[in-house]
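One structure coming up, written as structure tokens, with questions to follow.
The values are calculated or read from the model by the stated rules, or taken from the named source; none is laboratory data. What you are looking at is a predicted structure, and each value in this text was computed from that prediction instead of being measured. When we count neighbours, we look across all protein chains shown, and the Cβ atoms used for this are built from the backbone with ideal geometry, even at glycine.
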Amino acid sequence: MSELKEQLLQRSPADFLRWDVIRRTMFVGSARYVRHELEALRSDVEWRCRWRKAILEDRSGRPPGFPRYRASSGNLIHHVFHVLQYERTSSHRVSDMECIVEFGGGYGSMCRLVHRLGFRGRYVIVDLPVFLALQRYFLDNTGVARHADIHYVSEPEAALPLVMGNRRLFIATWSYSEVPDLIRHRVAPVMAACSHLLMGFQERFEDLVNHDLETEVRRVCGPDRTWHAVNIPHLPGNRYLFAAPR
């Protein structure tokens, strides 16, 4: 966070997706596993009508193109793959949600994606202030924020009053499994207030061991949901956890 703040204060963010601090922490480049994810998207029945348009990259931040599909980036393909897995497994579309809460919004790529897929509800991003500033810049420059209801909050407690509607999706792609228990306890009421869940997590992150994470999340959210735990074969040690109302 300190390194990113220093970069933002000293440099123009016009090419921020090429900064080392971004590429180390939140931008999937030309990783080999993205090839598998691109092929999964191309083989899906909705490739032509949805995914092909969804993975078209914007110029904001000057993202490096993915070698096997220059019109996109490895990071955007990775995010679209998450959504494909969620929709295929849960039988719910992100565009049908009335409210989405994303814990750990990266630089705004997932927010951009779900709006591109037709989401028109309220979007709440919970993150650290310096990342919220980066997300504002990106979503403003890609035109997403112009007609969207986006809320940026740095305290999890501030997100809870913003959760609205009947179809509420909580997104946490690896963020929840990368924070200590103190932060998880603060985020838990927001997650519990959402009726749907799209989570990606790893079994181990630095000193954190997440063997009981799935049990913990199920306990927080309560029993009135249908749960799907999905292994990610091309990312050993990582799993998806999806939920929807029964």
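Can you say whether residue 172 is over 14 Å from the mean Cα position of the chain (by Cα), within 23 Å of residue 92 (Cα to Cα) and either part of a strand (DSSP E or B) or modelled with pLDDT of 90 or more (or both), as far as the supplied structure shows?
Against the criterion (over 14 Å from the mean Cα position of the chain (by Cα), within 23 Å of residue 92 (Cα to Cα) and either part of a strand (DSSP E or B) or modelled with pLDDT of 90 or more (or both)), residue 172 does not qualify.
Restricting the search to the stretch 135-177, which residues are within 20 Å of residue 75 (Cβ to Cβ) and touching a residue at least 40 places away in the same chain (Cβ under 8 Å)?
137, 138, 141, 142, 171, 172, 173, 174, 175, 176
Could you tell me whether the stretch 211-219 includes any residue that is of a type in the set (Lys, Arg), without any contact (Cβ under 8 Å) to a residue 60 or more places away in the chain and surrounded by fewer than 19 Cβ atoms within 10 Å (Cβ to Cβ)?
yes
Would you confirm, using the coordinates I've provided, whether residue 107 is buried (at least 23 other Cβ atoms within 10 Å of the Cβ), part of a loop (DSSP other than H, G, I, E, B) and in contact (Cβ under 8 Å) with a residue 60 or more places away in the chain? Steps first, answer last, please.
Working: buried (at least 23 other Cβ atoms within 10 Å of the Cβ): yes; part of a loop (DSSP other than H, G, I, E, B): yes; in contact (Cβ under 8 Å) with a residue 60 or more places away in the chain: yes.
Answer is yes for this residue.
If you scan the stretch 17-60, which residues turn out to be in contact with a helix residue (DSSP H, G or I) (Cβ under 7 Å, 6 or more places away or on another chain), in a helix (DSSP H, G or I) and modelled with pLDDT under 95?
Filtering the stretch 17-60 down to residues in contact with a helix residue (DSSP H, G or I) (Cβ under 7 Å, 6 or more places away or on another chain) leaves 19, 21-22, 27-31, 34, 37-38, 40-41, 44, 47, 51, 54-55, 57, 60.
Remaining after also requiring in a helix (DSSP H, G or I): 21-22, 34, 37-38, 40-41, 47, 51, 54.
Within the stretch 17-60, 21, 22 meet the criteria.
Separate question: Please determine whether any residue of the stretch 94-104 is touching a Gly at 6+ places or on another chain (Cβ under 9 Å), outside any loop (DSSP other than H, G, I, E, B) and surrounded by fewer than 18 Cβ atoms within 10 Å (Cβ to Cβ).
Looking only at the stretch 94-104, we keep the residues that are touching a Gly at 6+ places or on another chain (Cβ under 9 Å), and these are 94-100.
Restricting the remaining residues to those that are outside any loop (DSSP other than H, G, I, E, B) gives 94-96, 99-100.
This time we only want the ones that are surrounded by fewer than 18 Cβ atoms within 10 Å (Cβ to Cβ), so: 95-96.
Yes, that holds for at least one residue.
Filter the stretch 175-207 for residues that are part of a strand (DSSP E or B) and of a type outside the set (A, V, I, L, M, F, W, C); which is farthest from residue 111 (Cα to Cα)?
My answer is 204.
Against the condition part of a helix (DSSP H, G or I), of a type in the set (A, V, I, L, M), closer than 24 Å to residue 197 by Cα and touching a Leu at 6+ places or on another chain (Cβ under 7 Å), how does residue 77 come out, does it pass?
yes
Of all residues in the stretch 129-160, which are closer than 14 Å to residue 58 by Cα and not in a helix (DSSP H, G or I)?
Scanning the stretch 129-160 gives 142, 143.
Sort out which residues of the stretch 178-207 are touching a Pro at 6+ places or on another chain (Cβ under 7 Å) and free of Cβ contacts under 8 Å to residues at least 40 places away in the same chain, and write them in order of number.
186 - this is the single residue of the stretch 178-207 that is touching a Pro at 6+ places or on another chain (Cβ under 7 Å) and free of Cβ contacts under 8 Å to residues at least 40 places away in the same chain.
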